[in-house]
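A short worksheet on the structure shown next.
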Amino acid sequence: MPETTIVLDRSAIQRALTRIAHEIVERNEDSQVVVLVGIQKGGVPLARRLSGLLAGIWGHAVPAGELDVSMHRDDLDQRVAPEVQPTVIPFDVTGKTVVLVDDVLFSGRTTRAAMDALNDFGRPRCIQLAVLVDRGHRELPIKADFVGKNFPTAHSETIKVKVDEAGAADEVILERK
Amino acid sequence: MSWNRKHLLDIESLTEEEINTVLDTARAFKAVGERAIKKVPALRGKTVVNLFVEPSTRTRISFELSEQRLSADIINFTAEASSLKKGETLKDTARNLEALNTDFIVIRHSASGAPSFLARVLNASVINAGDGAHEHPTQALLDAFTIRERKGRIAGLNVTILGDILYSRVARSDIWALTKLGANVTLCGPSTLVPRVFEQMGCRVTHDVDEAIRDADIINLLRIQHERQRKTMFPGLGEYTSLFGLTKARLARTRPDALIMHPGPINRGVEIDSNIADCGRSVILQQVTNGLAVRMAVLFLVNGGKGPQEVAP
């Protein structure tokens, strides 16, 4: 049995998301151009939650989309084909500030694939990155703009994020082999 | 989610879960085709040979466009303009193509089993684009995709396949796919073209067209394959139309929500009344659109299939 530790509980996750929402507000003066795009699968419920929090602060709806990066991965010929999830971006990203949202930032390769995938939908004015957990070990020159928690890990460890849109059973778990 | 196959040779050996994996994956690829930029880099740097030893227009074009939308490089190879005409064997042709470091071979051949043969002698991934009267797996997958998209499910639906079953690889692949997915499949057509032996594949055989289409949710029409018939299996096309063609009078006696499918090319006025082919219940052109998505999904999945795959001789 792998050894597991809860590194973020429900209230810590809610506090982290609230702080990220306020940081997004502070960083973006023009609230009308901000859209959220959650990376499948873990980023999608987080983007929806952030959209709700931002709508509460700004007083208007903040669009949230979902993006699957499977077709843009750089390891497709080194692995079994990934499970492709829906991509739903019901707005034009051209000229917008797109906040990409993911649960865990690790090698940075998913973020790179997401930026490539997003390109096919238009040309955002700028792209920002929000993650719940940054666990280190970057393999690409990518850095998050908004981080819920920095959590240095060993390669042998895994981070599991359980977050849904309702927020009832939120948990971030560290597993040691 | 499960797919570890290097080749797509038939539907017969696929599991229900594998078929559903293709259909689920195809849904995402269909969305790609609806965007302003219809191309993804999933097969960037890979080379696909379209080896069409038997003539084909729609399947070849569909595969070509699918490959282009996945960013693969493509070599098109047709029998008329090739060394096969000069006496080269299929194996030598294929090995020469593989010597060019190609990654995928999409093959259409008049001989049943040609794709399995290539899969045994080559390292490339092989995709069957129709072999003889054996199978046409991507057609069955796009048919299943279209049914699921329009009806929301496949299990429990009554699917009637009407026409030339004996010579049809589409019928065989459709029967495998739809029965695995839980549909009730009925076959109908002239008794010479729809022998009772097909009951062994788990479907119902009838030669009474009105009974066959009365309770059908899906009516899948197949073309009479003149080119595969060695002798005359029925008196004439006029007689076929009057006995088995989908006419307005027959359509009026079907369920109002029954969908009309056809793998193409359609022979207007033979197996289908011209107006029916264009009516709101016809999903013939949606099948063409969905064919692209399904073929993209197959190429995408097979690209990740590294597991050793047993290919039965």
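General remarks:
- Being among the aromatic types (Phe, Trp, Tyr) and farther than 15 Å from B:Leu299 by Cβ holds for only one residue in B:Phe117, B:Phe104, and it is B:Phe117.
- Residue within the range B:235-244 that is among the aliphatic types (A, V, I, L, M) and crowded, with 18+ Cβ neighbours inside 10 Å present: no
- The residues listed here are B:Ala36, B:Ala28; of these, the one that is surrounded by 18 or more Cβ atoms within 10 Å (Cβ to Cβ) and within 12 Å of chain A (Cβ to nearest Cβ) is B:Ala28.
- Those residues of the range B:184-198 which are aliphatic (A, V, I, L, M) and either open to solvent by 10 Å² or more (accessible area, probe 1.4 Å) or assigned to a helix (DSSP H, G or I) (or both), in sequence order: B:Val197
- Residue in the range B:57-68 that is within 16 Å of B:Gly132 (Cα to Cα), at pLDDT 85 or above and in contact with a Pro (Cβ under 7 Å, 6 or more places away or on another chain) present: no
- Test result for A:Ser31, small (Gly, Ala, Ser) and buried (at least 16 other Cβ atoms within 10 Å of the Cβ): yes
- Among (1) more than 22 Å from B:Ala119 (Cα to Cα); (2) in contact (Cβ under 8 Å) with a residue 40 or more places away in the chain; (3) open to solvent by 20 Å² or more (accessible area, probe 1.4 Å); (4) within 14 Å of chain A (Cβ to nearest Cβ) - the single one B:Glu16 does not satisfy: (4)
- B:Ser56 being more than 12 Å from chain A (Cβ to nearest Cβ), surrounded by 15 or more Cβ atoms within 10 Å (Cβ to Cβ) and out of contact with any helix residue (DSSP H, G or I) (no Cβ under 8 Å at 6 or more places or on another chain): yes
- Of the candidates B:Arg5, B:Arg27, B:Arg35, the single residue that is free of Cβ contacts under 8 Å to residues at least 24 places away in the same chain and basic (Lys, Arg) is B:Arg35.
- Filtering B:Leu23, B:Leu43 for residues that are part of a loop (DSSP other than H, G, I, E, B), within 12 Å of chain A (Cβ to nearest Cβ) and either open to solvent by less than 10 Å² (accessible area, probe 1.4 Å) or aliphatic (A, V, I, L, M) (or both) leaves a single hit, B:Leu43.
- Hey, A:Glu83 at pLDDT 95 or above and not β-branched (Val, Ile, Thr) or not: no
- The set of residues in the range B:259-278 that are over 22 Å from B:Arg60 (Cβ atoms), open to solvent by less than 40 Å² (accessible area, probe 1.4 Å) and either of a type in the set (Phe, Trp, Tyr) or not in a strand (DSSP E or B) (or both) comprises B:Val270, B:Glu271, B:Ile276, B:Ala277.
- In the set (1) within 14 Å of chain A (Cβ to nearest Cβ); (2) of a type outside the set (Asp, Glu); (3) assigned to a helix (DSSP H, G or I); (4) open to solvent by 50 Å² or more (accessible area, probe 1.4 Å), the condition left unmet by B:Ser66 is number (4).
- Test for A:Thr5: is it surrounded by 14 or more Cβ atoms within 10 Å (Cβ to Cβ), among the polar types (S, T, N, Q), away from chain B (no Cβ under 14 Å) and within 22 Å of A:Arg135 (Cα to Cα): no
- B:Val48 vs. criteria on the phi < 0 side of the Ramachandran plot, in a helix (DSSP H, G or I), within 14 Å of another protein chain (Cβ to nearest Cβ) and crowded, with 22+ Cβ neighbours inside 10 Å: no
- Test: residue in the range B:74-92 that is within 29 Å of B:Arg35 (Cα to Cα) and modelled with pLDDT of 95 or more: yes
- Among the residues making up the range B:93-111, those that are crowded, with 17+ Cβ neighbours inside 10 Å and modelled with pLDDT of 90 or more are B:Thr102, B:Asp103, B:Phe104, B:Ile105, B:Val106, B:Ile107, B:Arg108, B:His109.
- Among the candidates A:Gly38, A:Gly95, the residue that is under 22 Å from A:Ala168 (Cα atoms) and either over 17 Å from the mean Cα position of the chain (by Cα) or touching a residue at least 24 places away in the same chain (Cβ under 8 Å) (or both) is uniquely A:Gly38.
The values are calculated or read from the model by the stated rules, or taken from the named source; none is laboratory data. Just so you know, these numbers come straight off a predicted model, no measurement behind them. Because the Cβ atoms are built from the backbone with ideal geometry, glycine has one as well, and the counts that use them run over all protein chains shown. What goes into the accessible areas is simple: the full protein's heavy atoms, side chains included, and nothing from ligands, DNA or RNA. Shrake-Rupley method; radii C 1.70, N 1.55, O 1.52, S 1.80 Å.
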